[in-house]
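These notes concern the structure reproduced below.
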Amino acid sequence: MKIATDDIRDILMRVDKPARYTGGEYGGAKCPENAPFYFCMAFPDLYEVGMSNLGIKIVAESFLRRGYAADYAFAPANDFGAELKKAGIPLYSLSLKKPLAEFDMIGFSVQFELCYTNILYMLDLAGIPLRRADRAGKRYPLIAIGGPCAVNPEPLADFVDLVFIGDGESADADVAGLYLECGGPTEQFFRRAAAIEGVYVPALMDVKYGKDGRICAFEGPTPRRAIVSDLDGAVFPSSQCVPNVESVFDRSIIEVMRGCYRGCRFCQAGFIYRPVRQRSVDTLTRQACSLIASTGYDEVSLNSLSTGDYPRLRELLRSLKGSLPDGVTLALPSLRVDSFDSDFAQDARKISLTFAPEAGSQRLRDVINKDITEEEILTAAESAFDIGYSAVKLYFMLGLPTETDDDLRAIRRIVDLIKSGYGRKPRAKGLRVSVSVSTFIPKPFTPFQWEKQADEAQAEAKQKVLRDCLYIKGVTLSWSDPFTSRLEGVLARGDRKLARVVERAYRLGCTFDGWNSLLKKDAWAQAFADCGVDPAIYTRERAEDELLPWEFIDIGITKQFFARERKRAYGGIVTGSCKAGCSGCGLQKVCPAAKGEA
């Protein structure tokens, strides 16, 4: 079946940004006809957000290279979703216009916990039963998830058939081959799939609860995170389609390296993407030139968790400048304060520079292993001012372990020093400083995975401290919504009991929960109450000997390492970068830095 353009023409005339739903993007990959396997890469957020994501393009490319069909679907805005339901038209993929229910597998890229209800929204619009048990034995696609949230998939375990943990360049397509070999989603298929590195089958994991309501045992195959060691040889699309609607990051994107040396104790990405693996200068130059030629963009973003740590960055910049057409701008969106070099930023659009000190005081930066000093912050800022920047964005967190009000007030000192540094030399008037403060959320597979999260009242009290001390001319202050942060924290460290809460919230009308204007706080509160689940169970401090909902997953880093890092945090001891010396996290055998190859 194919959704005809005439079927949706009238609907497109009535909704906002209809180009989100038409397909036909410039440079879109051509799916093979009569492919042996049809895969839909689904992104549970708006088109313009999903189209900015490099990961979904890499996964889709891995299917295309094996001769399978791969198409995309995004969460339609509520106006278009309502029109589809009213007309009885199922949610379809962009290029093929194929109903999602007719694919062999739908893979959701889950970047953010507040997208969980959107997964159910998309399944519902596609006419696919939400729960795995209701699909069993019937002809429905395999429902899979991947992305950073897959390291704790348990709140979604009752909805999905497969979870891809770690690097998805090969495991996803390996499963497609196994599916064809086994003749579909047979018992043999699921058992063999569970043996593939990076694949978790929730139906095969039995979670045991004790009388106190806490997890006491796991019984089932233990999934191990997939790690791609050679990024130069890894799948990467030589072209990327140009969105019909301006995307959030409207430019070509290359991935300089994967992982991070730094080990900031709050940062989940820094641990779940270990070890650091790099692409060569030649590979990156070839990829950038190919993307610019195929898309017509005039900007290339050099992405990683900390691009300034790429050891051959100067050589890469020279290579790119010498190979790309004149007028193409290079964007380095993830320069740490202590790796900032004005040479790196010379060619960037001098609109605003972003630094993330994360904590105001040196004491608290040591606690979180944010190994930067006040002097480094000021030196980086003044270097930026010298080449023409006149606006600075500063990112901090509140609610960090051991934090006091004095640590919060120390943010004012950093702002004052930056402002005075700007005034040391003759410069244009009107330095703009934006301070953004998010609430710390303990995440799985970090040294802070056991910590208590600040409740709404505590977060609001801390925000008041900041408002009182940062009421300064030329400084704007923004902060995260305490309810939203708490909900994210609950889902991040949740277990299978939360599945019914997520489903109930969706039934009560919750979608696009990550968008403040669309979040239905009362509906979420009702969902927890209706299901008899207290959110505080999930935001409390956990004992280190307690079984955590995600503990059966092997990401390669030991629990002992995380506990050791937590102890060092409370002692204010900095571990520093992997480059400075291996800290023995458990990945030494596969880590280039541990072998002296960084």
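Bear in mind that the values in this text are calculations on the coordinates, not laboratory data. Model, not experiment: these values are computed from the prediction. Glycine also receives a Cβ, built like all others from the backbone with ideal geometry; neighbour counts cover every protein chain displayed.
Here are the numbers for the structure shown:
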quantity: Two-site label geometry, ARG9 and CYS182: point separation in nm, points 7 Å out along Cα→Cβ; calculated: 4.5
quantity: Trypsin sites (Lys or Arg not before Pro) restricted to DSSP loop in the range 355-445 with at most 16 other C-beta within 10 Å; calculated: ARG424, ARG427, LYS429
quantity: For the chain, share of DSSP beta bridges that run antiparallel, in % to the nearest 5; calculated: 20
quantity: Other-chain or far-sequence residues with amide H under 5 Å of ALA391's (modelled H); calculated: LEU353, ARG432
quantity: DSSP beta bridge pairing in the range 41-190, given as percent antiparallel to the nearest 5; calculated: 10
quantity: The range 229-292-the range 156-180 distance, computed between alpha-carbon centres (Å); calculated: 21
quantity: Charge-dipole axis of the range 5-219 as Lys and Arg at +1 and Asp and Glu at -1 on Cβ define it, positive-most pick from THR5, THR117, ALA193; calculated: THR5
quantity: Estimated FRET transfer efficiency when R0 is 45 angstrom, pair LEU508-GLU551 (beta carbons, to 0.05); calculated: 0.90
quantity: Neighbourhood charge, 15 Å Cβ-Cβ cut-off, centred on GLY137 and excluding it, Lys, Arg +1 and Asp, Glu -1; calculated: +2
quantity: Normalised convex hull volume, the range 201-240, alpha-carbon set, Å³ per residue; calculated: 141
quantity: Using θ = phi - 60° and Karplus 6.51 cos²θ - 1.76 cosθ + 1.60, couplings along the range 15-20 (whole Hz; Gly, Pro as x); calculated: 10, 6, 6, x, 5, 4
quantity: Neighbourhood charge, 14 Å Cβ-Cβ cut-off, centred on LYS425 and excluding it, Lys, Arg +1 and Asp, Glu -1; calculated: +2
quantity: Given charges at Cβ of Lys, Arg, Asp, Glu: the chain dipole, positive-most of GLY586, SER306, VAL242; calculated: SER306
quantity: Note, ³J(HN,Hα) from phi for the range 239-253, Karplus 6.51, -1.76, 1.60, rounded to Hz, x at Gly and Pro; calculated: 9, 9, 5, 8, x, 6, 10, 3, 8, 4, 10, 8, 6, 6, 10
quantity: Positive minus negative residues near PRO325 (Lys, Arg vs Asp, Glu; Cβ under 12 Å); calculated: -2
quantity: Within the chain, helix-based [θ] at 222 nm, where runs of 4 or more DSSP H residues each add -39,500 (n - 2.57), nearest 500; calculated: -9500 deg cm²/dmol
quantity: Residue exposure sequence - SER478, SER252, SER383 - by fewest surrounding Cβ within 10 Å; calculated: SER478, SER383, SER252
quantity: From the C-alpha gyration tensor of the range 71-220, square roots of 5λ in Å; calculated: 26, 19, 15
quantity: Residue order, fewest to most surrounding Cβ atoms within 10 angstrom, among SER109, SER323, SER480, SER93; calculated: SER323, SER480, SER109, SER93
quantity: Coil-residue trypsin sites (Lys or Arg not before Pro) of the range 186-225, DSSP, other Cβ within 10 Å capped at 11; calculated: LYS211
quantity: Whole-Å semi-axes of the ellipsoid equivalent to the chain (Cα gyration tensor, √5λ, descending); calculated: 37, 30, 25
quantity: Cα-centre dipole for the chain with unit charges at Cβ (Lys and Arg positive, Asp and Glu negative), debye to 20; calculated: 680
quantity: Charge-dipole axis of the range 5-219 as Lys and Arg at +1 and Asp and Glu at -1 on Cβ define it, positive-most pick from LEU162, ALA75, PRO129; calculated: PRO129
quantity: R0 of 30 Å, Cβ-Cβ distance ALA133-ASP455: FRET efficiency to nearest 0.05; calculated: 0.30
quantity: For TRP479, residues with placed amide H under 5 Å, excluding near neighbours; calculated: VAL437
quantity: Unsatisfied cross-links (Cα-Cα over 27 Å) in the set LYS2/LYS85; LYS57/LYS520; LYS393/LYS559; LYS57/LYS589; LYS86/LYS138; LYS393/LYS425; calculated: LYS57/LYS520; LYS393/LYS559; LYS57/LYS589
quantity: The range 8-93: trypsin sites (Lys or Arg not before Pro) in DSSP coil with no more than 14 other Cβ atoms inside 10 Å; calculated: LYS30, ARG65
quantity: Exceeding the 28 Å Cα-Cα cut-off - candidates LYS211/LYS443; LYS17/LYS473; LYS370/LYS452; calculated: LYS17/LYS473
quantity: FRET efficiency, ALA543 to LYS208 (Cβ-Cβ, R0 25 Å, nearest 0.05); calculated: 0.90
